[in-house]
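A.B. asks: The structure under discussion is supplied below as structure tokens; questions concerning it will follow.
The numbers here are math on the coordinates, done by the rules we state, and not lab data. All of these numbers come straight from a predicted model, not from anything done at the bench. Neighbour counts are summed over all protein chains in view; Cβ atoms, including those assigned to glycine, are modelled from backbone coordinates with ideal geometry.
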Amino acid sequence: MSESATANRETLGFQAEVKQLLQLMIHSLYSNKEIFLRELVSNASDACDKLRFEALNNSALYGDDSELRIRVSFDKAARTITVSDNGIGLSRDEAVAHLGTIAKSGTKEFFTALTGDQAKDAHLIGQFGVGFYSSFIIADKVTVVSRRAGLESNQAVCWESGGEGEYTVEMVEKASRGTDVILHLREGEDEFLSAWKLKSIIRKYSDHITLPIVMQKEEWNQEKGEQVVTDEDETVNQANALWVRGKSEITDDQYKEFYKHVAHDFEDPLAWTHARVEGKQEYTQLLFIPARAPFDLWDRNARHGIKLYVRRVFIMDDAEQLMPLYLRFVRGVVDSADLPLNVSREILQQSKDIDGIRSGCTRKVLGMLEDLAENDKEKYSQFWAAFGAVLKEGVGEDHANKEKIAGLIRFASTHNDTPDQTVSLADYIGRMKEGQEKIYFVTADTFNAAKNSPHLEIFRKKGIEVLLLSDRVDEWVVGHLTEFDGKQLQSVAKGGLDLGKLEDEEEKKEAEKAADEYKDLLEKVKAALGEKVKDVRVTYRLTDSPSCLVSDEHDPSGNLARLLKAAGQAAPNVKPILEINPNHVVVQRLKYEEVRFDDWAALLFEQATLAEGGQLDDPAGFVKRINDLMMAISAK
Ligand SMILES: Nc1ncnc2c1ncn2[C@@H]1O[C@H](COP(=O)(O)OP(=O)(O)OP(=O)(O)O)[C@@H](O)[C@H]1O
Ligand SMILES: [Mg+2]
């Protein structure tokens with residue numbers, strides 16, 4: 001940071017990300033100018049919440065002013081709009097830290113995700129949340145005068161910036177606690193210098209703010225023939241907590257605006273649920289499912305979306321104890337009637353009450369998803385595309401709700417043969433063949449690898465549906481979900497092929513005969529491959545391919561072993577079983593091969609490895625073997 005100080009005035013440079021954000025915002029949000037007021041009011045409200053929370057242990061912080069409120073005013077002549085609060089305020093150091101840098105988790109990732117394409121970036125920025133900096137959409141200079149609660153009147157700070165690369169800070173006098181944010185409007189933004197305009201924006205975006213947002217009343221002055229400002233205040237918003245009102249008193253638009261406030265989202269939510277719970281614990285929950293995934297969805301440490309209130313008093317953001325990790329995309333509010341007001345994160349971690357609220361909220365969200373899945377398939381598929389892979393984590397994480405979560409999961413399958421994940425386990429079971437006892441699946445690195453897996457050949461031939469799993473989390477899912485609705489889940493690439501009653505007696509006999517006939521060959525192949533395989537056996541899974549790899553019933557699948565390795569985890573060194581197709585010409589020919597037997601055997605193993613998405617130990621050796629064989633053939 002560059003630093004040049006005069007008496008007590010310092011000029012400092014913004015963090016590089018702030019500069020980038022300011023540029024981007026001014027260019028991409030001009031059609032959405034009015035959000036600056038929502039952001040400033042939201043910050044003022046947060047500041048009051050923070051004061052109320054700190055004052056629980058130190059009521060002296062209130063001084064003689066305990067009526068928390070937010071004030072919006074404007075000055076036509078000076079062309080300024082001011083948003084003031086009597087909340088916690090900022091010290092000089094805090095002003096530098098909070099208004100000169102962005103401290104959000106995932107900031108780096110956010111900036112690398114930017115494309116330079118304005119439309120796309122405008123959408124991203126909506127997810128990121130522009131906060132305080134949105135002031136610069138309509139202002140070419142912003143002045144913040146703030147005094148931290150508990151500090152003397154001469155310890156206030158004045159922060160000022162033109163939103164380019166720098167800002168100044170200076171110690172000043174301020175008579176009262178809290179923050180004034182003064183916007184000096186850009187040319188052409190005078191439409192905001194109107195009480196009517198400002199009030200309508202406040203009602204639109206900030207009606208649900210629990211503190212009064214006041215403005216000076218205007219009155220019609222007959223003599224002047226215009227509206228004039230009076231000394232009397234009026235409260236512009238409803239100023240009561242939205243979630244406390246009855247459902248019938250809240251419009252959909254109010255729910256949506258509230259969502260945008262708690263979730264810092266530009267878009268409407270996909271769905272919400274609002275309920276007061278009575279019984280052992282008494283609490284109100286208002287929970288939303290966003291329409292899109294936030295940029296930091298995959299950061300399991302990213303902030304969570306639930307705000308905790310106790311009897312309408314804000315306690316904390318980001319109360320991760322209130323929602324399991326696999327529902328980390330849920331946003332909203334929980335207001336408890338029973339918890340103590342001075343509850344801390346440490347207390348939350350051990351609280352039985354919180355456990356109860358958490359499982360109540362979890363059930364509520366899962367219920368809402370079940371309802372969507374049942375009654376609004378389009379919305380559910382939108383949900384699934386955004387958050388499906390996260391929800392899947394729940395199968396292993398939440399034992400109590402495993403069956404429910406499994407019912408919500410959607411898969412790709414050979415029924416449609418497209419990558420769209422639309423098939424539920426119930427759909428699958430409904431289509432099971434007469435005599436079919438198991439739910440079959442294959443896991444692979446990509447959809448195409450799954451879809452074209454040689455292990456599916458027999459299933460395709462017999463018309464048995466197989467689920468095609470290619471999300472990273474899928475191995476975790478099938479590791480924890482061994483059965484659904486009494487039906488076992490079975491990998492088609494594991495253990496001996498067991499089609500149960502779907503097996504054909506004829507085929508079985510033939511396979512046994514083949515196993516006998518090929519006994520010597522199997523031994524020879526096994527000897528040629530040595531340590532690479534656990535066993536070599538005759539298969540009847542294959543119709544078109546000469547060979548495939550399977551893992552032993554209790555060994556991890558090849559795909560899982562590769563995932564573990566890629567994640568830098570110690571993968572158990574398990575060897576696969578090579579299965580060869582006795583009906584394939586290559587295998588039949590091998591019976592009579594003498595000279596190049598070892599090469600042929602190695603190729604059977606290597607192509608099976610490649611076909612299931614594995615990597616070869618010695619790719620150059622493989623290429624050489626292929627070329628040698630091709631030359632041998634063309635020489636004939
Ligand atoms: N009125 C205010 N009083 C006290 N501190 C404030 C005020 N406005 C902003 N701040 C401080 O500046 C920080 C940055 O505000 P900004 O709105 O950019 O981000 P945020 O509110 O933390 O997150 P977001 O608005 O994206 O949810 C706040 O976290 C807070 O510490
Ligand atoms: Mg903010």
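A.B. asks: Chymotrypsin sites (Phe, Trp or Tyr not before Pro), restricted to the stretch 569-604: which are DSSP loop and have at most 14 other Cβ atoms within 10 Å?
C.D. replies: Those that pass, being in a loop and sparsely packed, are Y592.
A.B. asks: Next up: Could you work out the percent of alpha carbon pairs in the stretch 3-235 separated by over 22 Å, rounded to a whole number?
C.D. replies: Value for the stretch 3-235: 56 percent of Cα pairs lie more than 22 Å apart.
A.B. asks: Identify, among N32, I102, N8, the residue whose Cα sits farthest towards the positive end of the charge dipole of the stretch 1-110, taking +1 on the Cβ of Lys and Arg and -1 on the Cβ of Asp and Glu, with the dipole about the Cα centre.
C.D. replies: N32
A.B. asks: Sticking with the crude label model, points 7 Å out along Cα→Cβ, report the distance from S31 to Q155 in nm, one decimal please.
C.D. replies: Between S31 and Q155, the label points sit 4.8 nm apart.
A.B. asks: Now a separate question. Relative to the first principal axis of the alpha-carbon coordinates of the chain, what is the inclination of helix 195-206, with its axis defined by its Cα atoms, in degrees from 0 to 90 and to the nearest 10?
C.D. replies: 30
A.B. asks: A follow-up question, please. What pairs in K513/K591; K433/K487; K402/K487; K462/K575; K404/K487; K451/K565 have C-alpha atoms more than 18 Å from each other?
C.D. replies: K462/K575; K451/K565
A.B. asks: Suppose R0 equals 56 Å. What FRET efficiency, 1/(1 + (r/R0)^6) with r the Cβ-Cβ distance, do W196 and K565 give to the nearest 0.05?
C.D. replies: 0.30
A.B. asks: Right, here's the next one. Among the aspartates and glutamates, which have Cα under 12 Å from the Cα of K217 when same-chain residues fewer than 8 positions away are ignored?
C.D. replies: The reachable aspartates and glutamates, counting only those whose Cα sits under 12 Å from K217, are D231, E232, D233, E234.
A.B. asks: Mind giving me the nanometre distance, one decimal, between the label points for K591 and E219, set 7 Å out from Cα along Cα→Cβ?
C.D. replies: 10.9
A.B. asks: Highest mean first, what order results for 282-295, 152-165 on Cβ atoms within 10 Å?
C.D. replies: The most tightly packed comes first, giving 282-295, 152-165.
A.B. asks: Just subtract the alpha-carbon distance of S248 and A635 from 0.36 nm times their residue separation and send over the number in nm, one decimal.
C.D. replies: Gain on stretching S248 to A635: 130.9 nm.
A.B. asks: Indicate the gyration tensor shape class of the stretch 410-502 (rounded, prolate or oblate), computed on the Cα atoms with a ≥ b ≥ c the square roots of the eigenvalues: a/c under 1.5 is rounded; otherwise a/b larger than b/c is prolate and the rest oblate.
C.D. replies: Note, shape of the stretch 410-502 comes out rounded.
A.B. asks: Along the Cα-to-Cβ line of E94, 7 Å from the Cα, sits a label point; which residues in the stretch 128-166 have backbone N less than 17 Å from it?
C.D. replies: Label zone hits: 132, 144-160.
A.B. asks: While we're here: Based on the alpha carbon coordinates of the stretch 242-382, what radius of gyration and maximum Cα-Cα distance (Dmax) apply, in Å?
C.D. replies: That works out to 14.5, 43 Å for Rg and Dmax.
A.B. asks: Angle check, please: helix 377-392 long axis (alpha carbons) against the longest principal axis of the chain (alpha carbons), in degrees 0 to 90, nearest 10.
C.D. replies: The angle comes out near 80 degrees.
A.B. asks: Just how large is the dipole of the chain about the Cα centre, in debye to the nearest 20, putting +1 at every Lys and Arg Cβ and -1 at every Asp and Glu Cβ?
C.D. replies: In total the dipole reaches around 620 debye.
A.B. asks: Also: Just to confirm the filter: which trypsin sites (Lys or Arg not before Pro) across the stretch 233-287 are DSSP coil and have at most 12 other Cβ within 10 angstrom of their Cβ?
C.D. replies: K280
A.B. asks: Between N375 and R363, what is the label-point separation in nm under the 7 Å Cα-to-beta-carbon projection?
C.D. replies: About 1.9 nm, to one decimal.
A.B. asks: Further, regarding this structure: Arrange T443, T418 by Cβ neighbour counts within 10 Å, fewest through most, would you?
C.D. replies: T418, T443
A.B. asks: Let's test the formula: R0 of 56 Å, r as the Cβ-Cβ distance of R431 and Q227. What FRET efficiency results, to the nearest 0.05?
C.D. replies: 0.20
A.B. asks: Could you tell me the largest-minus-smallest coordinate of the C-alpha atoms of the stretch 1-90 on each of the three principal axes, in descending order and whole angstroms?
C.D. replies: For the stretch 1-90, the Cα extents along the three principal axes come out at 42, 36, 29 Å.
A.B. asks: A337 label point, 7 Å along Cα→Cβ, cut-off 16 Å on backbone N: hits in the stretch 267-286?
C.D. replies: Once the point is set 7 Å along Cα→Cβ of A337, 275-286 turn out to lie under 16 Å by backbone N, inside the stretch 267-286.
A.B. asks: Residue separation times 0.36 nm, minus the C-alpha to C-alpha distance between E523 and N583: what's the value?
C.D. replies: Net length gain for the segment: 19.8 nm.
A.B. asks: What's the angle, to the nearest 10 degrees (0 to 90), between helix 35-55's Cα axis and the longest principal axis of the chain?
C.D. replies: Between helix and principal axis, roughly 80 degrees.
A.B. asks: If the viscosity is 1.306 mPa s and the temperature 10 °C, what translational diffusion coefficient in µm²/s does Stokes-Einstein give for the chain when Rh comes from Kirkwood over Cα pairs?
C.D. replies: Rounded to a whole number, D works out at 54 µm²/s.
A.B. asks: For the peptides 532-544, 499-511, what is the packing order when you average, over each peptide's residues, the other Cβ atoms within 10 Å and list the highest mean first?
C.D. replies: Those peptides, ordered most packed to least, come out 532-544, 499-511.
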